[in-house]
1. Condition first: modelled with pLDDT under 85 and loosely packed, with under 12 Cβ neighbours inside 10 Å. Now tell me which residues in segment 63-87 satisfy that.
2. Select from segment 89-102 the residues that are surrounded by fewer than 15 Cβ atoms within 10 Å (Cβ to Cβ) and touching a residue at least 12 places away in the same chain (Cβ under 8 Å) and list them in ascending order.
3. Among residues belonging to segment 119-144 that are in contact with a helix residue (DSSP H, G or I) (Cβ under 7 Å, 6 or more places away or on another chain), farther than 14 Å from residue 74 by Cβ and not hydroxyl-bearing (Ser, Thr, Tyr), point out the one that is modelled with the highest pLDDT.
4. Tell me the residue from 115, 109, 128 that is without any contact (Cβ under 8 Å) to a residue 60 or more places away in the chain and either part of a helix (DSSP H, G or I) or of a type in the set (Gly, Ala, Ser) (or both), please.
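The values are calculated or read from the model by the stated rules, or taken from the named source; none is laboratory data. Not measured: the values here are computed from a predicted model. Cβ sites come from the backbone with ideal geometry, for glycine too, and all protein chains shown count toward neighbours.
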Amino acid sequence: MKHKVSKKGVVSMPIVIVILLVLGIVLVVTSFMFSKMRTVLQQDQQFNTTSVNKIFGASTQTYKNLDTTILFIFIGFILALLITSALIKTNQIFLVIMIIFLIILVVMAMVVSNAWDATTNADSELKAHIVSDYPKTNFLLGNLPPIIFITDILALIAMFSRRGEVI
């Protein structure tokens, strides 16, 4: 009996965009919530200030590490896209379909970037928190359309630039 080998690629870029937005919003909202809780608990006389600082100090460092983690996950997805684009054999007839897909991805990235800007600009205190504590995530989601456009153009070039390899 022969087993069929399934050919599965990397996660598609629209899923990456949505995951990035969700991770960014969850990161910012929970971090903002923890900083508010820390302030309230420090002002309350029933709690020891040093214990509150120990508990919430560890969570603050964890959230700052998650900012870098989101950046590295996104860079990993980009590298996986570029590597698989270079290794996939394609036919030039699909170039038009890929360009249409590129336009759809850039429009989707614009929507996600605008949703991020609307979320961060909703409150000036929240915006100050994001800019000071999460500069990498803020840069990534604020500049998502040009990043997606450049990445996908590079993937198209890698995919269709091989000479003499036509299916």
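1. 65, 87
2. Those that are surrounded by fewer than 15 Cβ atoms within 10 Å (Cβ to Cβ) and touching a residue at least 12 places away in the same chain (Cβ under 8 Å): 89, 91, 92, 95, 99.
3. Per the stated criteria, the residue is 121.
4. The unique qualifying residue is 128.
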